[in-house]
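Below is one structure; the comments refer to it alone.
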Amino acid sequence: MWRNKMARGFEIVSKYKEADLKLPYRTTKNAAGYDFQSAKDLVLPSIWKLNFLKILWAIRQEKKPSEGQISEAKEVLKPFLIPTGIKAYMNPNEVLIIANRSSNPLKRGMVVPNGIGVIDADYYNNPSNEGEIFVQMVNFGIEDIHITKGQRIAQGIFLPFLLADNDAGQIKQVRKGGFGSSDK
């Protein structure tokens, strides 16, 4: 379903319809970002508690880690995806940028490892996950962080974007998947 021209906003994905979630909102009159909340309780583990210190020690000692150690470290150091239960609709020439809350790194050690998340207009209602927005997070703090349902974790900002001069002649694929689906 595509929305009216010049429309943008948020909806709750169907699997969370009965979960009593709040749509993203602006906290102050002049805020640019809409606050996103966690859709459920979860623990964001400290990276320092994860089993990758052996590989860091090997690198520090200038020893070559085994392929198995490298694979294990890559698996352990993946960011966690925090579900929001929210999807966003917007015009085709707009994007929703998901950014960290400014207090997260300083107060909690939580960072968005990719800097920002980019939610394209065609992510809305995709067949893979209905367009549910997830926030990637890593906890650089010493202790695990307990995130509760309804806790603000990120902010979203709608922005227009521009196209390059030769963009119209390029063949584009149609989005079929969900999170990270346009990777090749």
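The values are calculated or read from the model by the stated rules, or taken from the named source; none is laboratory data. Since the structure is predicted, the reported quantities are computational estimates derived from the model, not experimental observations. Every residue, glycine among them, receives a Cβ derived from its backbone with ideal geometry; neighbour counts consider all protein chains shown. Only protein heavy atoms, including side chains, enter the accessible area calculation; ligands, DNA and RNA are left aside. Shrake-Rupley method; radii C 1.70, N 1.55, O 1.52, S 1.80 Å.
Details
- Taking the stretch 128-162 as the range and being over 24 Å from Lys17 (Cβ atoms), part of a loop (DSSP other than H, G, I, E, B) and touching a residue at least 24 places away in the same chain (Cβ under 8 Å) as the test, the residues that pass are Phe140, Gly141, Ile142, Glu143, Asp144, Phe161.
- Tally of residues being at pLDDT 75 or above and in a loop (DSSP other than H, G, I, E, B) across the stretch 163-184: 4
- Among the residues of the stretch 112-127, those identified as part of a loop (DSSP other than H, G, I, E, B) and out of contact with any Gly (no Cβ under 9 Å at 6 or more places or on another chain) are Val112, Pro113, Asn114, Gly115.
- Here Leu96 meets each of (1) in contact with a helix residue (DSSP H, G or I) (Cβ under 9 Å, 6 or more places away or on another chain); (2) open to solvent by 20 Å² or more (accessible area, probe 1.4 Å) with one exception, condition (2).
- Meets criteria (in contact with a strand residue (DSSP E or B) (Cβ under 8 Å, 6 or more places away or on another chain), aliphatic (A, V, I, L, M) and modelled with pLDDT under 95) for Val138: yes
- Positions within the stretch 64-111 being of a type in the set (A, V, I, L, M) and in a loop (DSSP other than H, G, I, E, B), in sequence order: Leu77, Met90
- Scanning the stretch 141-160 for residues that are modelled with pLDDT of 95 or more and open to solvent by 20 Å² or more (accessible area, probe 1.4 Å) returns His146, Thr148, Lys149, Gly150, Gln151, Arg152, Gln155, Ile157, Phe158, Leu159, Pro160.
- Qualifying residues in the stretch 46-63 (those that are among the hydrophobic types (A, V, I, L, M, F, W, C) and outside any helix (DSSP H, G or I)) - the one surrounded by the most Cβ atoms within 10 Å (Cβ to Cβ): Phe52
- Restricting attention to the stretch 7-30 and to residues that are free of Cβ contacts under 8 Å to residues at least 24 places away in the same chain, in a loop (DSSP other than H, G, I, E, B) and not basic (Lys, Arg), the residue that is surrounded by the fewest Cβ atoms within 10 Å (Cβ to Cβ) turns out to be Asn30.
- Complete set of residues in the stretch 107-140 that are of a type in the set (Gly, Ala, Ser), surrounded by fewer than 17 Cβ atoms within 10 Å (Cβ to Cβ) and touching a Lys or Arg at 6+ places or on another chain (Cβ under 8 Å): Ser128
- A count restricted to the stretch 64-93 and to residues that are under 30 Å from Ala7 (Cα atoms) and either open to solvent by less than 80 Å² (accessible area, probe 1.4 Å) or touching a residue at least 60 places away in the same chain (Cβ under 8 Å) (or both) stands at 12.
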